[in-house]
Every structure is written in structure tokens, then in C-alpha cells.
Amino acid sequence: MIITGGLNVYPAEVERVIAQHPTVLEAAVVGVPDTQWGEIGSTLVVLHPGNDLGEDELTDYLKQQLANYKIPRRFTFAHDPLPRTTSGKVQEFKVKERLGA
């Protein structure tokens, strides 16, 4: 759970909405420290091969689906799959490394 400005944001909910975008293959949302909000959402978005997506386009899409406080403030786009364990769970610490957090 990410606590941003005293409000709870569940990464799984945000990831599910991001993954519904037609150009997105998968996404991982993690909380990173922020001086103003305590934590903010930072997202690693994996796109389908050959697709491109801009931060503004994704943000506009998310505004239609989520409350404003749930929308991540940072996006990193990639075509490499998310780092996972052998059991298939996303390795959050490696996602944070890729995001530079």
C-alpha cells in the first residue's frame, strides 16, 4: 500500500487499470518517498512490442478510470518484461532499481 497525502492507494488496483490500456502489456506500481506527499506512485510500464505511449496519453486515460490521488506521478516506459521470481511474483526491489528509486 502507498500512503500519499494521508490517503491509501493500492498498487494492484492501479496496475490493473494501467494494464487495461491497449498498448500496455503489464505494469508495476511502487511507492517512492516524496517530501510533499510522503509517498508517490512511480510506475514501470511495459508496452507491447512495436507500440509507443506517452505519459500525457496514459495520464489522461487514468483520469477517466481512477481518482486523481491514485494516479502515479512518475512513469517509466519499457519493452523489457518486469523482473519476476521463479514463482512469477514481481520483484519490487528490482522494479525500484529500474525506476532509480
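A few remarks follow.
- Hits in the stretch 1-22 - residues which are within 15 Å of TYR61 (Cα to Cα) and surrounded by fewer than 15 Cβ atoms within 10 Å (Cβ to Cβ): GLU13, ARG16, ALA19, GLN20, PRO22
- Looking only at residues in the stretch 23-51 that are part of a strand (DSSP E or B) and of a type in the set (Ser, Thr, Tyr), the one that is surrounded by the fewest Cβ atoms within 10 Å (Cβ to Cβ) is SER42.
- Among the numbered conditions (1) surrounded by 15 or more Cβ atoms within 10 Å (Cβ to Cβ); (2) outside any helix (DSSP H, G or I); (3) hydroxyl-bearing (Ser, Thr, Tyr), the only one that TYR61 does not meet is (2).
- Residues within the stretch 64-86 that are in a loop (DSSP other than H, G, I, E, B) and either farther than 17 Å from GLY6 by Cβ or of a type outside the set (A, V, I, L, M, F, W, C) (or both), tallied: 10
- Within the stretch 38-97, the set of residues being hydroxyl-bearing (Ser, Thr, Tyr) and within 14 Å of the chain's Cα centre (by Cα) comprises SER42, THR43, THR59, TYR61, TYR69, THR76.
- Pairing residues of the stretch 62-78 that are under 19 Å from LEU47 (Cα atoms) and in contact (Cβ under 8 Å) with a residue 40 or more places away in the chain with residues that are surrounded by 15 or more Cβ atoms within 10 Å (Cβ to Cβ) and of a type in the set (Phe, Trp, Tyr), at Cβ distances under 6 Å and at least 6 apart in sequence or on separate chains, gives no pairs at all.
FYI, it's all coordinate maths here, none of it is from the lab. These figures come from a predicted structure and were not determined experimentally. Positions of Cβ are generated from backbone atoms using ideal geometry, with glycine treated the same way; all protein chains shown enter the neighbour counts.
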